[in-house]
Amino acid sequence: MLTFFTTAKPFRGHDGITQKNALKSWTLLHPDAEVILFGNEDGAAEVAEELRLHHERHVARNQFGTKRLDFLFSRAQAIARHDLLCYINCDIILLSDFRVAAERVASLGGRYLMAGQRWDTDIAAPVDFYAAGWQAALRRLALETNHQRPPQWVDYFLFSRGLYYKNTPPFVIGRPGWDPWLVWFARNSGARVVDATQVVVAVHQNHDYSYHPDGEKGVWEGEEAQRNIALLERWRLFRTLENATHRLTLTRFQRNYRHWWVLTRTRVSRMWTRSRFRILDWTRPLRHRAGLRQRSFAPGSLNRTAASPEDERGKPHASEGIR
């Protein structure tokens, strides 16, 4: 039916609780659901054995020891039992609405990517998956909390094996920049990109950033984050769920004609930014003779060190908490 693949932090404390909650929820979606857990972090082998997951201990990493996205996608597609795959962050609890959405999208055939926004929710204890009504209670909690992240925060990527994610840049997991690339690749390959936000309540279990030596600042602004953003910006490959070709509603697939406007807006914005920099470069000698500086003409948001993915409302998602 479906193969999930993911990687986790050490299974200790609150992280151990949330990650085990997430993994267990995926196994309950279908009797033949496969879950591949990558990495040899503390507790991973024990959890994989308890939940009967496929445990892949080896993961390619960069020089800092952070896991590489290209390895995960390549290896998962090579060993998955099913032709329907889903990379998902290991802090996301899925409910039965995900299976329904996945089956609806898969029924169309062809190449596709299904993704959606998440709901941030405080969950501090193990979920009792044997309690009657646990799904309804969790869905109600997420919706009543009503903290839905914007379209660039994507935590699951359901795709057909025929999409062939290949030649993936050496992004690392747990830092910003790689998730918009996955959306871009699907769009650029001509596949349908389906935004399932309206029908899938993906419950993100809130956590801190203590896994990084420099905390939240290190995740968003550290050297690895900057490398990821540089890879993304090198080819201007930033896409979000606003660029989806279709939206999945409760009753039908709806073409997202607005994606043309979003794409045009982004391109015009970047062209305007580049034009302003050219003007600044051309006029630099004159401005220097007049005693002026570039900052007198360029707003702070156009600083050369700023990452242009923020054009799309806020910083790109870091798939936080996973190394």
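The values are calculated or read from the model by the stated rules, or taken from the named source; none is laboratory data. Predicted, not measured: the structure shown is a model, and the values here were computed from it. Backbone-built Cβ (ideal geometry, glycine too); neighbour counts: all protein chains shown.
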remark   = Exactly one of R99, R140, R81, R104 is of a type in the set (K, R) and either in a loop (DSSP other than H, G, I, E, B) or modelled with pLDDT under 95 (or both), and that one is R81
query = In region 71-125, which residue that is out of contact with any helix residue (DSSP H, G or I) (no Cβ under 8 Å at 6 or more places or on another chain) and of a type in the set (F, W, Y) is surrounded by the fewest Cβ atoms within 10 Å (Cβ to Cβ)?
reply = F71
inquiry  = Looking at region 82-130 only, could you name the residues that are over 18 Å from K9 (Cβ atoms) and hydroxyl-bearing (S, T, Y)?
reply    = S96, S107, Y112, T121, Y130
query = So which residues in region 144-156 are in a helix (DSSP H, G or I) and surrounded by 14 or more Cβ atoms within 10 Å (Cβ to Cβ)?
reply = T145
query = Taking region 57-70, which residues are crowded, with 16+ Cβ neighbours inside 10 Å and not in a helix (DSSP H, G or I)?
reply = V59, T66, K67, R68
task = Return the residue satisfying two criteria in turn: it lies in region 27-54 and is touching a helix residue (DSSP H, G or I) at 6+ places or on another chain (Cβ under 8 Å) and on the phi > 0 side of the Ramachandran plot, and of such residues it is surrounded by the fewest Cβ atoms within 10 Å (Cβ to Cβ).
result = R52
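Conditions (1) out of contact with any Leu (no Cβ under 7 Å at 6 or more places or on another chain); (2) without any contact (Cβ under 8 Å) to a residue 24 or more places away in the chain; (3) farther than 22 Å from V203 by Cα, marked per residue:
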position	(1), (2), (3)
H55	no, yes, yes
H58	yes, yes, yes
L69	yes, no, yes
A80	yes, no, yes
N89	yes, no, no
I92	yes, no, no
G109	yes, yes, yes
ask   = If a residue has to be out of contact with any strand residue (DSSP E or B) (no Cβ under 6 Å at 6 or more places or on another chain) and of a type in the set (D, E) to count, how many in region 91-110 make the cut?
value = 2
message = If I ask for residues that are of a type in the set (F, W, Y) and either crowded, with 21+ Cβ neighbours inside 10 Å or assigned to a helix (DSSP H, G or I) (or both), which ones from region 157-192 would you list?
response = F157, F159, Y165, F171, W178, W181, W184, F185
remark   = Counting only residues in region 4-15 that are over 17 Å from the mean Cα position of the chain (by Cα) and surrounded by 18 or more Cβ atoms within 10 Å (Cβ to Cβ), the one farthest from F38 (Cα to Cα) is identified as D15
request  = Give the number of residues within region 1-56 that are in a loop (DSSP other than H, G, I, E, B), of a type in the set (A, V, I, L, M) and out of contact with any strand residue (DSSP E or B) (no Cβ under 6 Å at 6 or more places or on another chain).
outcome  = 5
